[in-house]
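Right, one structure below, let's go through it.
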Amino acid sequence: MASPRSLLLGLNIDHAATLRQARYRRAPATCGGIVEPDPVALAQLAERAGADGITAHLREDRRHMQPRDLYRLRECIATRLNLEMACTPAMVRFALELKPDAVCIVPENREEITTEGGLDVLGMKRRLARAINRLADAGIVVSLFIDPDPAHIDAAAELGAPFIELHTGAYANGWHDFAVRAREFKRLYDGAERAHELGLMVNAGHGINYVNIGEVRTLPHLHELNIGHAILSRALFSGIEEAVREMKARMNGA
Ligand code: PXP
(Lines give C-alpha, C1' and ligand atoms only; values in the text may rest on other atoms or scores of the structure.)
Protein backbone atom coordinates (compact mmCIF):
# COMPACT_ATOMS: atom_id res chain seq x y z
CA MET A 1 0.00 0.00 0.00
CA ALA A 2 1.27 3.49 -0.86
CA SER A 3 2.28 5.58 2.10
CA PRO A 4 -0.55 8.01 2.92
CA ARG A 5 2.14 10.56 3.66
CA SER A 6 2.86 10.86 -0.05
CA LEU A 7 -0.73 11.80 -0.91
CA LEU A 8 -0.98 14.97 -2.98
CA LEU A 9 -3.82 17.48 -2.92
CA GLY A 10 -5.22 18.95 -6.10
CA LEU A 11 -7.55 21.79 -5.10
CA ASN A 12 -10.54 22.07 -7.40
CA ILE A 13 -11.47 25.77 -7.52
CA ASP A 14 -14.54 25.64 -9.77
CA HIS A 15 -16.90 26.57 -6.96
CA ALA A 16 -15.11 29.89 -6.42
CA ALA A 17 -16.00 30.73 -10.02
CA THR A 18 -19.56 29.51 -9.42
CA LEU A 19 -19.90 32.05 -6.63
CA ARG A 20 -18.41 34.82 -8.76
CA GLN A 21 -20.66 34.04 -11.70
CA ALA A 22 -23.72 34.15 -9.43
CA ARG A 23 -23.23 37.91 -9.16
CA TYR A 24 -20.87 38.97 -11.97
CA ARG A 25 -21.79 36.79 -14.93
CA ARG A 26 -22.27 39.85 -17.12
CA ALA A 27 -19.42 41.98 -15.80
CA PRO A 28 -16.72 42.80 -18.36
CA ALA A 29 -13.37 41.10 -17.73
CA THR A 30 -11.81 44.56 -17.24
CA CYS A 31 -13.79 45.14 -14.02
CA GLY A 32 -10.85 43.73 -12.08
CA GLY A 33 -10.90 44.18 -8.32
CA ILE A 34 -14.64 44.53 -7.73
CA VAL A 35 -15.35 41.13 -9.24
CA GLU A 36 -15.01 38.58 -6.48
CA PRO A 37 -14.10 36.00 -5.44
CA ASP A 38 -11.16 35.69 -7.81
CA PRO A 39 -10.37 31.97 -8.27
CA VAL A 40 -6.79 32.79 -9.25
CA ALA A 41 -6.05 34.74 -6.06
CA LEU A 42 -7.63 31.88 -4.10
CA ALA A 43 -5.45 29.34 -5.91
CA GLN A 44 -2.31 31.27 -5.06
CA LEU A 45 -3.18 31.39 -1.37
CA ALA A 46 -4.02 27.68 -1.43
CA GLU A 47 -0.67 26.85 -2.95
CA ARG A 48 1.10 28.73 -0.20
CA ALA A 49 -0.87 26.69 2.35
CA GLY A 50 0.24 23.40 0.79
CA ALA A 51 -2.00 22.56 -2.18
CA ASP A 52 0.12 20.53 -4.59
CA GLY A 53 -1.83 21.49 -7.67
CA ILE A 54 -4.85 23.44 -8.89
CA THR A 55 -7.68 21.78 -10.78
CA ALA A 56 -10.27 23.62 -12.85
CA HIS A 57 -13.01 22.41 -15.18
CA LEU A 58 -13.81 24.43 -18.27
CA ARG A 59 -17.32 23.28 -19.09
CA GLU A 60 -18.97 23.61 -22.46
CA ASP A 61 -21.70 25.79 -20.90
CA ARG A 62 -19.08 27.99 -19.15
CA ARG A 63 -21.17 27.97 -16.00
CA HIS A 64 -18.22 28.58 -13.69
CA MET A 65 -14.65 28.79 -14.98
CA GLN A 66 -14.10 30.96 -18.08
CA PRO A 67 -11.29 30.51 -20.63
CA ARG A 68 -9.66 33.67 -19.27
CA ASP A 69 -9.51 32.11 -15.77
CA LEU A 70 -7.56 29.19 -17.18
CA TYR A 71 -5.05 31.43 -18.96
CA ARG A 72 -4.58 33.48 -15.80
CA LEU A 73 -4.06 30.32 -13.76
CA ARG A 74 -1.54 29.05 -16.30
CA GLU A 75 0.39 32.26 -15.88
CA CYS A 76 0.04 32.81 -12.14
CA ILE A 77 0.20 29.53 -10.24
CA ALA A 78 3.42 27.99 -9.07
CA THR A 79 2.33 24.35 -8.79
CA ARG A 80 0.65 22.15 -11.41
CA LEU A 81 -2.44 23.07 -13.42
CA ASN A 82 -4.87 20.23 -14.04
CA LEU A 83 -7.56 21.03 -16.62
CA GLU A 84 -10.73 18.97 -16.41
CA MET A 85 -12.46 18.82 -19.77
CA ALA A 86 -14.84 16.90 -21.97
CA CYS A 87 -13.44 14.82 -24.81
CA THR A 88 -14.32 17.13 -27.69
CA PRO A 89 -12.16 18.45 -30.53
CA ALA A 90 -12.74 22.03 -29.31
CA MET A 91 -11.52 21.20 -25.79
CA VAL A 92 -8.50 19.31 -27.12
CA ARG A 93 -7.60 22.40 -29.18
CA PHE A 94 -8.06 24.59 -26.09
CA ALA A 95 -5.81 22.33 -24.00
CA LEU A 96 -3.10 22.29 -26.65
CA GLU A 97 -3.10 26.08 -26.62
CA LEU A 98 -3.29 26.41 -22.83
CA LYS A 99 -0.69 23.72 -22.15
CA PRO A 100 -1.74 22.66 -18.64
CA ASP A 101 0.51 20.18 -16.88
CA ALA A 102 -2.29 17.64 -16.81
CA VAL A 103 -5.70 17.04 -18.32
CA CYS A 104 -8.39 14.95 -16.70
CA ILE A 105 -10.98 13.89 -19.26
CA VAL A 106 -14.46 13.87 -17.73
CA PRO A 107 -17.94 13.17 -19.07
CA GLU A 108 -20.10 16.25 -19.46
CA ASN A 109 -23.84 16.48 -19.35
CA ARG A 110 -25.53 19.88 -19.50
CA GLU A 111 -28.20 18.96 -16.96
CA GLU A 112 -25.86 17.88 -14.17
CA ILE A 113 -24.91 20.20 -11.32
CA THR A 114 -21.40 18.76 -11.15
CA THR A 115 -19.73 15.78 -12.85
CA GLU A 116 -22.03 12.92 -11.93
CA GLY A 117 -20.65 9.71 -13.37
CA GLY A 118 -17.41 8.34 -14.76
CA LEU A 119 -16.44 8.22 -18.43
CA ASP A 120 -17.83 5.50 -20.63
CA VAL A 121 -14.33 4.47 -21.69
CA LEU A 122 -15.54 1.43 -23.61
CA GLY A 123 -18.13 3.39 -25.56
CA MET A 124 -15.77 6.19 -26.59
CA LYS A 125 -12.49 4.34 -27.01
CA ARG A 126 -11.64 5.72 -30.46
CA ARG A 127 -12.36 9.32 -29.51
CA LEU A 128 -10.39 8.96 -26.29
CA ALA A 129 -7.44 7.37 -28.08
CA ARG A 130 -7.20 10.33 -30.47
CA ALA A 131 -7.41 12.86 -27.64
CA ILE A 132 -4.93 11.03 -25.40
CA ASN A 133 -2.39 10.78 -28.22
CA ARG A 134 -2.65 14.45 -29.19
CA LEU A 135 -2.38 15.63 -25.58
CA ALA A 136 0.45 13.23 -24.74
CA ASP A 137 2.39 14.37 -27.84
CA ALA A 138 2.22 17.90 -26.40
CA GLY A 139 3.70 16.67 -23.10
CA ILE A 140 0.41 16.86 -21.19
CA VAL A 141 -0.22 14.09 -18.66
CA VAL A 142 -3.66 12.58 -19.26
CA SER A 143 -6.01 11.11 -16.71
CA LEU A 144 -9.44 9.50 -17.26
CA PHE A 145 -12.17 10.07 -14.69
CA ILE A 146 -13.86 6.70 -14.28
CA ASP A 147 -16.05 4.70 -11.95
CA PRO A 148 -14.24 1.86 -10.19
CA ASP A 149 -15.48 -0.59 -12.78
CA PRO A 150 -13.05 -3.31 -13.95
CA ALA A 151 -14.10 -3.02 -17.61
CA HIS A 152 -13.39 0.73 -17.70
CA ILE A 153 -10.15 0.35 -15.78
CA ASP A 154 -8.94 -2.29 -18.24
CA ALA A 155 -9.98 -0.11 -21.17
CA ALA A 156 -8.12 2.88 -19.70
CA ALA A 157 -4.97 0.77 -19.43
CA GLU A 158 -5.37 -0.44 -23.03
CA LEU A 159 -5.62 3.16 -24.19
CA GLY A 160 -2.28 3.92 -22.58
CA ALA A 161 -3.52 6.71 -20.32
CA PRO A 162 -0.92 7.06 -17.57
CA PHE A 163 -3.48 8.04 -14.90
CA ILE A 164 -7.03 7.32 -13.91
CA GLU A 165 -9.02 9.32 -11.39
CA LEU A 166 -11.41 7.04 -9.54
CA HIS A 167 -14.85 8.58 -9.07
CA THR A 168 -15.53 8.52 -5.33
CA GLY A 169 -19.04 10.02 -5.69
CA ALA A 170 -21.05 6.81 -5.17
CA TYR A 171 -19.00 6.08 -2.05
CA ALA A 172 -19.37 9.63 -0.69
CA ASN A 173 -23.10 9.74 -1.43
CA GLY A 174 -23.58 6.37 0.27
CA TRP A 175 -21.76 7.45 3.42
CA HIS A 176 -24.82 7.27 5.67
CA ASP A 177 -25.86 3.80 4.56
CA PHE A 178 -23.29 1.42 5.97
CA ALA A 179 -23.97 -1.36 3.44
CA VAL A 180 -23.68 0.99 0.44
CA ARG A 181 -20.62 2.67 1.85
CA ALA A 182 -18.87 -0.67 2.51
CA ARG A 183 -19.76 -1.92 -0.98
CA GLU A 184 -18.56 1.26 -2.68
CA PHE A 185 -15.37 1.37 -0.62
CA LYS A 186 -14.59 -2.19 -1.69
CA ARG A 187 -15.19 -1.26 -5.34
CA LEU A 188 -12.75 1.63 -4.97
CA TYR A 189 -10.24 -0.56 -3.15
CA ASP A 190 -10.39 -3.33 -5.76
CA GLY A 191 -10.36 -0.78 -8.56
CA ALA A 192 -7.22 0.87 -7.21
CA GLU A 193 -5.50 -2.52 -6.88
CA ARG A 194 -6.48 -3.52 -10.40
CA ALA A 195 -5.36 -0.22 -11.90
CA HIS A 196 -2.03 -0.43 -10.10
CA GLU A 197 -1.46 -3.98 -11.35
CA LEU A 198 -2.11 -2.73 -14.89
CA GLY A 199 0.53 -0.02 -14.45
CA LEU A 200 -1.89 2.89 -14.06
CA MET A 201 -1.31 5.72 -11.61
CA VAL A 202 -4.34 6.27 -9.39
CA ASN A 203 -5.95 9.56 -8.40
CA ALA A 204 -9.38 9.91 -6.82
CA GLY A 205 -11.97 12.61 -6.42
CA HIS A 206 -15.56 13.77 -5.98
CA GLY A 207 -17.35 14.22 -2.70
CA ILE A 208 -14.26 13.79 -0.53
CA ASN A 209 -14.67 15.78 2.68
CA TYR A 210 -13.11 16.32 6.11
CA VAL A 211 -14.89 13.25 7.51
CA ASN A 212 -14.62 10.61 4.80
CA ILE A 213 -10.98 11.49 4.13
CA GLY A 214 -10.07 9.34 7.16
CA GLU A 215 -11.20 6.27 5.21
CA VAL A 216 -10.45 7.43 1.66
CA ARG A 217 -6.79 7.91 2.54
CA THR A 218 -6.51 4.19 3.32
CA LEU A 219 -7.25 3.22 -0.29
CA PRO A 220 -4.17 1.63 -1.83
CA HIS A 221 -1.85 3.22 -4.40
CA LEU A 222 -3.33 6.71 -4.25
CA HIS A 223 -1.24 9.46 -5.80
CA GLU A 224 -3.44 12.56 -5.67
CA LEU A 225 -6.89 13.52 -4.42
CA ASN A 226 -8.85 16.22 -6.21
CA ILE A 227 -11.05 18.00 -3.71
CA GLY A 228 -13.18 21.09 -4.21
CA HIS A 229 -16.50 21.55 -2.45
CA ALA A 230 -15.45 20.57 1.07
CA ILE A 231 -12.37 22.79 1.11
CA LEU A 232 -14.07 25.83 -0.42
CA SER A 233 -17.01 25.43 1.98
CA ARG A 234 -14.68 25.23 4.97
CA ALA A 235 -12.81 28.25 3.64
CA LEU A 236 -15.93 30.41 4.11
CA PHE A 237 -15.41 29.99 7.85
CA SER A 238 -11.69 29.53 8.30
CA GLY A 239 -10.14 31.07 5.18
CA ILE A 240 -8.64 29.05 2.35
CA GLU A 241 -5.21 28.64 3.90
CA GLU A 242 -6.51 27.02 7.08
CA ALA A 243 -8.96 24.89 5.06
CA VAL A 244 -6.14 23.56 2.87
CA ARG A 245 -3.79 22.98 5.82
CA GLU A 246 -6.45 21.03 7.69
CA MET A 247 -7.30 18.81 4.73
CA LYS A 248 -3.64 18.10 4.06
CA ALA A 249 -3.14 17.20 7.69
CA ARG A 250 -6.09 14.78 7.55
CA MET A 251 -4.84 13.30 4.29
CA ASN A 252 -1.65 12.56 6.12
CA GLY A 253 -3.42 10.92 9.04
CA ALA A 254 -3.58 13.76 11.58
N1 PXP B 1 -12.64 15.35 -9.63
C2 PXP B 1 -13.47 15.54 -10.69
C3 PXP B 1 -13.13 14.86 -11.97
C4 PXP B 1 -14.59 16.38 -10.60
O5 PXP B 1 -15.39 16.55 -11.67
C6 PXP B 1 -14.85 17.02 -9.38
C7 PXP B 1 -16.05 17.91 -9.25
O8 PXP B 1 -15.94 19.03 -10.02
C9 PXP B 1 -13.97 16.82 -8.31
C10 PXP B 1 -12.89 15.97 -8.45
C11 PXP B 1 -14.15 17.53 -7.00
O12 PXP B 1 -15.35 17.14 -6.41
P13 PXP B 1 -15.83 17.88 -5.06
O14 PXP B 1 -16.08 19.31 -5.43
O15 PXP B 1 -17.04 17.13 -4.67
O16 PXP B 1 -14.69 17.76 -4.08
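Comparing ASP101, ASP52, ASP177 in a Gaussian network model of the chain where C-alpha atoms under 10 Å apart are linked, the largest mean-square fluctuation is found at ASP177.
Across segment 6-17, rounded Karplus estimates of 3J(HN,Hα) from the backbone phi angles (6.51 cos²θ - 1.76 cosθ + 1.60, θ = phi - 60°) give 8, 5, 9, 10, x, 8, 8, 9, 3, 5, 5, 6 Hz, Gly and Pro being marked x.
Annotation: amide H-H contacts under 5 Å for ASN12 (H modelled 1.01 Å from N, sequence separation of 5 or more, or interchain): THR55, ILE227, GLY228.
Using alpha carbons only, the radius of gyration of segment 172-211 set against its Kirkwood radius gives Rg/Rh = 1.03. Viscosity 1.002 mPa s, temperature 20 °C: give me the Stokes-Einstein translational D for segment 64-200 in µm²/s, with Rh taken as the Kirkwood radius over C-alpha pairs. For the chosen part, D equals 136 µm²/s. Each semi-axis of the equivalent ellipsoid for segment 38-123 is √(5λ) with λ an eigenvalue of the Cα gyration tensor; in descending order they amount to 23, 14, 13 Å. Computed from backbone phi with θ = phi - 60° and the Karplus coefficients 6.51, -1.76 and 1.60, the 3J(HN,Hα) list for segment 176-191 is 7, 10, 4, 5, 5, 4, 5, 5, 5, 5, 5, 4, 5, 4, 5, x Hz; x is used for glycine and proline. Backbone geometry of segment 210-215 corresponds, through the Karplus equation with coefficients 6.51, -1.76 and 1.60 at θ = phi - 60°, to 3J(HN,Hα) couplings of 5, 9, 6, 4, x, 8 Hz, x marking Gly and Pro. Take every pair of alpha-carbon atoms less than 8 Å apart whose residues are at least six positions apart; their mean separation over the length of the chain yields a relative contact order of 22 percent. Amide H contacts for CYS104 (H built 1.01 Å from N in the peptide plane; partners 5 or more residues away or on another chain; cut-off under 5 Å): LEU83, GLU84, MET85, SER143.
Leaving out ligands, DNA and RNA, what percent of the accessible area of the chain is carbon and sulfur, probe 1.4 Å? Kindly include the intermediate steps, with their values, before the conclusion.
On the way: 6180 of 11910 Å².
Carbon with sulfur: 52 percent of the solvent-accessible area.
The relative contact order of segment 45-192, computed from alpha carbon pairs under 8 Å that lie at least 6 residues apart in sequence, is 17 percent.
Given segment 148-216, report the % of alpha carbon pairs whose separation exceeds 21 Å.
Details: 551 of 2346 pairs.
Within segment 148-216, distances greater than 21 Å cover 23 percent of Cα pairs.
Label-to-label distance, ALA90 versus SER233, with points set 7 angstrom from Cα along the beta-carbon direction: 3.2 nm.
How large is the Kirkwood hydrodynamic radius of segment 162-254, in angstrom, based on all distinct alpha carbon pairs?
Values: mean 1/r = 0.0735 Å⁻¹.
13.6 Å is the Kirkwood radius here.
In whole percent, what relative contact order does segment 112-254 give with Cα contacts below 8 Å and a gap of six or more residues?
Numbers: 205 pairs, mean separation 26.5, N = 143.
Relative contact order here is 18 percent.
Measuring spread by the Cα atoms of the chain yields a radius of gyration and Dmax of 17.3, 52 Å.
The values are calculated or read from the model by the stated rules, or taken from the named source; none is laboratory data. Because the structure is a prediction, the values reported are computed rather than measured. Positions of Cβ are backbone-derived with ideal geometry, glycine not excepted, and every protein chain shown enters the neighbour counts. Calculation scope for accessible area: heavy atoms of the full protein, side chains included, ligands and nucleic acids excluded. Shrake-Rupley method; radii C 1.70, N 1.55, O 1.52, S 1.80 Å.
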